[in-house]
1. Is there a residue being under 21 Å from the mean Cα position of the chain (by Cα), under 27 Å from residue 211 (Cα atoms) and of a type in the set (Lys, Arg) anywhere in region 408-422?
2. Just to confirm my filter: which strands (runs of 3 or more DSSP E) fall fully inside region 268-339 and include at least 1 residues that are closer than 26 Å to residue 247 by Cβ, in contact (Cβ under 8 Å) with a residue 40 or more places away in the chain and not acidic (Asp, Glu)?
3. Mind checking whether some residue in region 59-73 is modelled with pLDDT of 95 or more, buried (at least 20 other Cβ atoms within 10 Å of the Cβ) and over 20 Å from residue 187 (Cα atoms)?
4. Among the numbered criteria (1) over 30 Å from residue 441 (Cα atoms); (2) surrounded by 14 or more Cβ atoms within 10 Å (Cβ to Cβ), which one does residue 407 miss?
5. Looking at (1) modelled with pLDDT of 95 or more; (2) under 23 Å from residue 300 (Cα atoms); (3) under 23 Å from the mean Cα position of the chain (by Cα), which is the only condition residue 150 fails?
6. Can you give me the number of residues within region 415-429 that are out of contact with any helix residue (DSSP H, G or I) (no Cβ under 6 Å at 6 or more places or on another chain) and surrounded by fewer than 20 Cβ atoms within 10 Å (Cβ to Cβ)?
7. Anything in region 385-443 that is assigned to a helix (DSSP H, G or I) and outside the structural domain of residue 15 (by TED's automatic domain parsing)? List them, or say none.
Amino acid sequence: MEVCTVGGFEEVGKNMTAVKIGDDVFIFDIGLYIPGIVELQEEHVLEYTNRFKQKARGPQQYSEKKLRDYGAIPNDLILDKLGWRSKVRAIFISHAHLDHVGGLPYLAKRYPGVSIYGTPFTMKVLEAVLEDEKIRINNPLKTVQSDSTHIIKGKSENYNVDFIHTTHSTIHCAFIALHTREGIFFYGMDLKFDNYPTLGRPPNYKKLEEIGRKGVKALVIDALYSKTEEKPGGEKIAQHMLEDAISKMRGRNSAFFLTTFSSHIERLNNVIKFAEKTGREIVFLGRSLSKYVEAAAKANACPFKNKVKLIKYAKQRESFLRNLEKNRGRYFIVCTGHQAEENSIMDRIVRGNTPFHFREGDHVIFSSSVIPVTENILARKKLDDKLRRIGVKIQTNVHVHGHGSRDDMRELIRMLRPRHVVPAHGSLQQETPLIELAEELGYKFRETSHLSSNGKVLKF
């Protein structure tokens, strides 16, 4: 078993791993990298590539080459050097976040005719991104259910692949287990065990233990918060935080705003439960919110679709905001902009670029944490300061994050009992504590636990 750690082993983003058994290669995730963003749900691919347009000033701003030049996609050219590209038999996508699926539209053509497998919401998000970017690919798109097994025909053998249901900060997430003659390769991305989710089922522990008994040869594991021992709260905690925050919104003629991650369907479902109690009409403002909600609805996974009004086009938006300025007490608005992203709805309003203006006594809830990088910290501080100067009542960090702690990693390793452990989904600094955890569990660095880098090949 050979594992090429293509991307996501030196940074948070552009996740991609390739596994070779005999003459067969399988790809796990092809994600985007947007510097400074840990959770990429909010960022729209088009908005990202538009930044290149300003820099490139040429007709090829959406090209694979430009994305490579800016380090936005995994450097899968290593697969050409290894002679692996022509041997790719399938591409598996773990979930719908853009750091796992966002690079696929730009690289799929390098793997002509190779089937792409993912769960319903993941595939609907991929289709939406392809449509937004006006990209056509000739790869068959195969939608699979969580907790299902599929046979992939290879040249060396036929392979069983399990998509195992797990929890994270979006829906229809799956761990992927590739069964081979060399043992099982297990792709454990992204990792957070929520035993009491408010939408969907808990992780399938029974299947994880069964796979552990069969024999896992190599585990690639999300190590982003491997330094943190304390478990993050589950979504039930966020639900209580939301109920408390929304109950504090007061004022018959005050505007009520909330901003959160667009792809966090479970969070949005909880927002709706408590927003309804205000008696106001609920409106979702922003193109990325509409994209993810529509994808969830197409995947039959959006219980609140008929309870909200989606507004995504510029003219509709301007008309609504004019109306909101006159009827501030009529609506509860969920919008983009929790990281103070440039040109998000929140950013435009605060900069005075819309017909609606915040006033003293209005309310804004940030159902998110500030991503801890300089760019985001400064942008949010500036935004929060402006809102407070106006007299807007803001509530921040009404949120639990979507990546598991060291304890979740310990639990997964104990269930799977892999022979080899490879941390991923972070910088060297973020991945190193996982090596220390592995040592605690009896693994030896460089023998059975391995720090990798982008483009490196590990042989097991």
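1. no
2. Hits in region 268-339: 281-285, 331-335.
3. As a first pass, look at region 59-73 and keep what is modelled with pLDDT of 95 or more: none.
Scanning region 59-73, I find no residue that is modelled with pLDDT of 95 or more, buried (at least 20 other Cβ atoms within 10 Å of the Cβ) and over 20 Å from residue 187 (Cα atoms), so the answer is no.
4. Single failed check for residue 407: (1).
5. It is condition (3) that residue 150 fails.
6. Narrowing region 415-429 to residues out of contact with any helix residue (DSSP H, G or I) (no Cβ under 6 Å at 6 or more places or on another chain): 418-420, 422, 424-429.
This time we only want the ones that are surrounded by fewer than 20 Cβ atoms within 10 Å (Cβ to Cβ), so: 419, 427-429.
So the count comes out to 4.
7. 385, 386, 387, 388, 389, 390
Per-residue answers, yes or no, for (1) outside any loop (DSSP other than H, G, I, E, B); (2) within 28 Å of residue 193 (Cα to Cα):
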| position | (1), (2) |
| --- | --- |
| 131 | yes, no |
| 137 | no, no |
| 142 | yes, yes |
| 146 | no, yes |
| 152 | yes, no |
| 164 | yes, yes |
| 169 | no, yes |
| 176 | yes, yes |
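The values are calculated or read from the model by the stated rules, or taken from the named source; none is laboratory data. What you see is a predicted model, and the numbers here were worked out from it, not measured in a lab. Here the Cβ is made from the backbone with ideal geometry for all residues, glycine too, and neighbour counts use every protein chain on show.
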